[in-house]
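The values are calculated or read from the model by the stated rules, or taken from the named source; none is laboratory data. Predicted model, so just to flag it, every value in this text is computed and none were measured. Cβ placement follows ideal geometry from the backbone for every residue including glycine, while neighbour counts extend to all protein chains displayed.
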Amino acid sequence: MLKQELEDGQASLADPHFRADVLTGLAASPRAIPARWFYDRRGSELFEEITELPEYYPTRTETALLESISGALGDLAAPNAAVVEFGSGSSVKTPRLLRAIEPAAYVPIDISGEFLRHSAAQLSQAFPGLPVYPVEADFLRPVPLPEQVAKMPKLGFFPGSTIGNMNAWHAVDLLRAMREWLGEGARLLIGMDRVKSPEILVPAYDDAAGVTAAFNLNLLSRINRELDGTIPVDAFRHRAIWNADYARIEMHLEAQRDVDFTVDGRPFSMAAGETIHTENSHKYGPNGARQLLRAGGWTPIEQWTDDKDWFALILCEA
Ligand code: AVJ
């Protein structure tokens, strides 16, 4: 079937969801492409570089916070629990959690398969006795958890303020879905970035070295590569703005001149100054965080923040 389609020139090897999101998003008004498509191999690497930038405080703040509360983490989960990490990426924060909790199994879930397998292998080496069951999946759709952890109580770990990429209603849907996947008696440890001054927020998403710009622009290169696009990447500029009404950083790709291009054979035209909205990164105050978690079916039972109150780790019960 696939072979036949390929011979007929009807199908491409690209992810059909990627294709649909890009074609729909480029035709929409305003134009927007979901942020999860940043993370091809190159995008995942660039994100790792972002986490080391002086301006990008979230990763280092959350990691230090995890370290500082590691004494409390030991009591978070039952000894026979499985830790399930959503959007594990390179799993840099995970060793701290695993060392403190000593779970019976670890299930990293990530959309970038190659990246996932690499970091799962590294973790297995660092924790020889720990069964690791990587799941390559987009957790915005139902996630099948491996059979081996079916009977274990679960601690969900959702760090990095990844939840901030979602609008409130999507975040609520996801939190409810997680509650379902993780099952009876589950707990969730979630990282949420706090609202703070735009003077700190904007540079974190528009760094001097231009790594975030490269991360944003890589989406266009990915479209050209995987969806047979002709987008003139050089004609676009990275933009990061603080939208106070929605308490979020928005990333856009702005056309610097009028451009015409095709993606998968479909024509698009953009005028100079027009943008493609590529990411939202919502920030939460204590009340907003609590409301969101409760709407998602979780009860916050404990919360930790750093001295500057820049980032929060919140423990919830199903
Ligand atoms: C991975 C979604 C948490 O929003 O801070 C970093 C992604 N985008 N710089 C964030 C991101 C630009 C990041 N999250």
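Of note:
- Taken over segment 261-298, the criterion of being within 16 Å of the ligand (Cβ to nearest atom), aliphatic (A, V, I, L, M) and touching a Lys or Arg at 6+ places or on another chain (Cβ under 6 Å) is satisfied by 276 alone.
- Members of segment 46-77 that are charged (D, E, K, R) and within 13 Å of the ligand (Cβ to nearest atom): 48, 49, 52, 55, 60, 62
- Residues of segment 25-34 satisfying the condition of being within 14 Å of residue 279 (Cα to Cα), outside any helix (DSSP H, G or I) and of a type outside the set (A, V, I, L, M): 30, 31, 34
- Sole residue being under 23 Å from residue 54 (Cβ atoms), of a type in the set (Asp, Glu) and not assigned by the TED database to the domain that holds residue 97, chosen from 307, 207: 207
- Scanning segment 243-264 for residues that are closer than 22 Å to residue 215 by Cβ and in a strand (DSSP E or B) yields a total of 12.
- Pair list, Cβ under 6 Å, 6 or more apart: segment 158-177 residue basic (Lys, Arg), other residue more than 9 Å from the ligand (Cβ to nearest atom): 176/296; 176/297
- Some residue of segment 228-237 being aliphatic (A, V, I, L, M) and touching a Lys or Arg at 6+ places or on another chain (Cβ under 6 Å): yes
- The residues of segment 100-132 that are crowded, with 22+ Cβ neighbours inside 10 Å and more than 21 Å from the chain's Cα centre (by Cα), listed by number, are 101, 103.
- Of all the residues in segment 196-227, those that are basic (Lys, Arg), in a loop (DSSP other than H, G, I, E, B) and more than 13 Å from the ligand (Cβ to nearest atom) number 0.
- Residues of segment 136-157 that turn out to be buried (at least 19 other Cβ atoms within 10 Å of the Cβ), in a loop (DSSP other than H, G, I, E, B) and more than 14 Å from the chain's Cα centre (by Cα), as a count: 3
- Selection status of residue 267, in contact (Cβ under 8 Å) with a residue 12 or more places away in the chain, more than 18 Å from residue 204 (Cβ to Cβ) and in a strand (DSSP E or B): no
- Any hit, segment 219-234, residues being charged (D, E, K, R) and within 23 Å of residue 85 (Cβ to Cβ): no
- Any chance residue 240 is farther than 17 Å from residue 25 by Cβ and either touching a Lys or Arg at 6+ places or on another chain (Cβ under 6 Å) or not in a strand (DSSP E or B) (or both): no
- Residue, nearest to residue 88 (Cα to Cα), within segment 137-189, restricted to residues that are within 16 Å of the ligand (Cβ to nearest atom) and of a type in the set (Val, Ile, Thr): 162
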